[in-house]
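Note sheet for the following structure.
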Amino acid sequence: MESPNDVTVGADGARVVFLRSGELWLFDVATGTERRVGAGPVGSYAADRDARTAAILRDGELFRADLVGGTVAAVPTAAPAHDARPDPLGLRIGYVTDPTGAAALHVTGPDGDRLLAGEPGSAWREHGGTIAWGVPGRAAGEFGRDRGWWWSPDGTQILAVRSARTVSLHLLDLDLGWVDVHWDRETYPYLAQVRWSGGGPLITVLRRMQQHGLILSIDPRTGETQVHAELADARWVEPIPGTPRHLPDGRVLVGGELAHDGFDARCLFADGSLLTPPGLYVRRVAGTLPRDGGPAGATDLIVEGSLGDPAVREVFRVHTSLGGGGPEVSRVAVLGATDHVTVGGDVLVAGARVWRGDRWVATLRSSAPEPPYRPDPALERVTDRRLPAAVLYPTGFVAGTRLPVLVTLGEGPGHQQVLADPAAWQERRRWADSGFAVVSIDSRGTPGVAPSFEKAVHRRLADVVLADQADGLYALHGKHPDLDLSRVAVRGHGLGGWLAALAVLRRPEVFHRAVARDPVTDWADLPVPLAERYLGDRADAADVYAHHALAGASPHVLLVGAELPGFRSVPNAGFEEERAFLLDR
């Protein structure tokens, strides 16, 4: 990737570290200058608390970078290293070996390299299963957790996942003492979130059906846990990324939902007090920044979210101390579809833009080419459900010319397509310029609008989404009469491919041709947490799973990368082959 990515901001706000074109770079906030850290490609990196030291990985080799002095030195390891991270003070580096097998956790530093946790050869204890330390564990990715170990803020302990038949957590002292973290793992088997950045560790654990969860704090001396909050929903619980976390004043920040007294909101709470207004759909908490002009120690939360328009992602400052007027929120910046927000000290980086307080400092250089297209889709809200929708016409389109319609489903449920960012429309511009009016509709089941909108698909995903796509298409035709509804094609991949094929099978009067790339053909093949979140317990809902299987036959569906009887299938297909199939009726 040629644009700045994987950004880290030091806690003192002096340095911004990032990858660009596979190399590690440092931006000095005070001088506004950039410099490359060492030479050669970087597979991944992690920095200490103040971004003074970084652990760099290149094909399993570990390097220690002095980000202030600019030197890079190789570090011997017991085996090829993965997920290397320096402690918050930059004295030692932890890393994982054999992450796809009997993973072990090592620490290297002034005292040499030593094994902190690992059990190779002990699989018999788990009835033949592999025992792994320091890797995320089964189902972690379905909850957005991509890590399996965390340093304590003082660098004297590590909180590590042990993955075997079940997932457990353990506190490891660097003097080789350790304690187990205690919670009812039988009732709450899913470890969804872990954070240790101040105070004791905080975790979110969920029941298997994901309709109930607990926010727990951990005593780092004993491993005992205390309940800080409960999460509950009759459909499923949706934890907010970046929570739970300790605020600087000691309160615990929790993400939750308001679903009473007319409210339908995804919000933030601090020890039970509402911090965000119901109109702000909170997507992620990036961290905290000192409040400009506020009393000493006053902080604001930095939040990614949408306020009023689900097509627009923005950065907001949220006051953490409540006054008599209720929650206070101010806009900071609009985000692109792929932009991320990182904070440290009094510095905020949104995408490639750097702010210090409320003052723009610089924009990190990018060597990425300009996008080839400047799409300008017509954004709409349609039907009584106010579905976000968009129509993109060919370049130079003249009103009065009826066009075949291509409905794009992208990656399917859980992924927005209707975004007010030209970068999100590059591929769709190519399809439009090939002769289609490209239509995208964010049906229920899509984030960004409200919790009830997102969860209305529980156990009836196919019926709800296909109804919204059809109703949205007819509503758009009322505003865009040049859409030729006698020639409607549909396209998607993954779960979007499954929906595309299902659209032709279930609603052939609306959708006439489909290309399904790498489609899901049977929900029983999906990871258990994902399948059960939408369709419920496999053992109790066999009829629901059967209803959502891709069964039937149609010559009007092209499967790419999958084979099923009754469908035309190809291992791969290029743009022109897909286009020819979608236009052939």
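The values are calculated or read from the model by the stated rules, or taken from the named source; none is laboratory data. It should be emphasised that the depicted structure is a prediction, and the values quoted were computed from it without experimental measurement. No Cβ is skipped: glycine too gets one built from the backbone with ideal geometry, and neighbour counts run over all protein chains shown. Heavy atoms of the whole protein, side chains included, go into the accessibility calculation; ligands, DNA and RNA do not. Shrake-Rupley method; radii C 1.70, N 1.55, O 1.52, S 1.80 Å.
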Notebook entry, point to check: What is the ratio of the Cα radius of gyration of the range 69-179 to 2.2 N^0.38 Å, where N is its residue count, to two decimals?
Noted result: 1.07
Note to self: Rounded, prolate or oblate, given the Cα gyration tensor of the range 192-313, with a/c below 1.5 counting as rounded?
What the structure shows: oblate
Item checked: Charge tally in the Cβ shell below 13 Å around residue 544, where Lys, Arg are +1 and Asp, Glu are -1, residue 544 excluded -> -2
Next item on the list: Convert each backbone phi in the range 364-380 into a coupling constant with the Karplus relation 6.51 cos²θ - 1.76 cosθ + 1.60 (shift: θ = phi - 60°), then list the ³J(HN,Hα) values in order as whole Hz, x for Gly and Pro.
Entry: 4, 5, 10, 9, 6, x, 5, x, x, 10, 10, x, 9, x, 8, 8, 9
Item checked: the range 1-124 - Rg and Dmax from Cα coordinates, angstrom -> 15.2, 58
Next item on the list: For every helix of n ≥ 4 consecutive DSSP H residues, a contribution of -39,500 (n - 2.57) applies; sum these over the chain, divide by its total residues, and give [θ] at 222 nm rounded to the nearest 500 deg cm²/dmol.
Entry: -3500 deg cm²/dmol
Next item on the list: Describe numerically, in nm with one decimal, the distance between label points set 7 Å from Cα along Cα→Cβ at residue 23 and at residue 230.
Entry: 5.6 nm
Check: At a 1.4 Å probe radius, carbon and sulfur cover how many percent of the accessible area of the chain?
Finding: 51 percent
Note to self: Applying a 10 Å radius around every beta-carbon, put 91-97, 315-321 in order of their mean neighbour count, most first.
What the structure shows: 91-97, 315-321
Check: Roughly how many whole Å is it from the C-alpha centroid of the range 382-410 to that of the range 146-221?
Finding: 47 Å
Notebook entry, point to check: Taking a temperature of 20 °C and a viscosity of 1.002 mPa s, what whole-number D in µm²/s does Stokes-Einstein yield for the range 290-430 with Rh from Kirkwood over alpha carbon pairs?
Noted result: 118 µm²/s
Checklist line | Point-to-point label distance, residue 273-residue 549, nm (Cα→Cβ direction, 7 Å offset) | finding: 5.5 nm
Note to self: Test of understanding: what is the full-extension gain from residue 374 to residue 309, defined as 0.36 nm times their sequence separation minus their Cα-Cα distance?
What the structure shows: 21.3 nm
Next item on the list: Return the FRET efficiency for the residue pair residue 430, residue 175: r is the Cβ-Cβ distance, R0 is 51 Å, and the value is rounded to the nearest 0.05.
Entry: 0.30
Checklist line | the range 403-459: C-alpha pair distances exceeding 20 Å, % | finding: 31 percent
Check: Quick one: net charge of residue 318's neighbours, Cβ under 9 Å, K/R +1, D/E -1?
Finding: -1
Check: Using the Cα gyration tensor of the range 247-293, with a ≥ b ≥ c the square roots of its eigenvalues, what is the shape: rounded (a/c below 1.5), prolate (a/b larger than b/c) or oblate (neither)?
Finding: prolate
Check: Over the Cα atoms of the chain, what is the Rg over Rh ratio if Rh follows Kirkwood?
Finding: 0.97
Item checked: Gyration tensor (alpha-carbon) shape descriptor, the range 410-549, a/c threshold 1.5 -> prolate
Check: So, by mean Cβ neighbours within 10 angstrom, what's the order for 518-528, 258-268 with the highest one leading?
Finding: 518-528, 258-268
Next item on the list: In Å and from the alpha-carbon atoms only, list the Rg and Dmax of the range 118-272.
Entry: 16.1, 57
Next item on the list: Tell me the GluC sites (Glu not before Pro) within the range 181-281 that lie in a loop according to DSSP and have at most 13 other beta-carbon atoms within 10 Å.
Entry: 186
Notebook entry, point to check: Taking the mean number of other Cβ atoms within 10 Å as a proxy for protection, how do you rank 461-473, 164-176, 146-158 from highest to lowest?
Noted result: 461-473, 146-158, 164-176
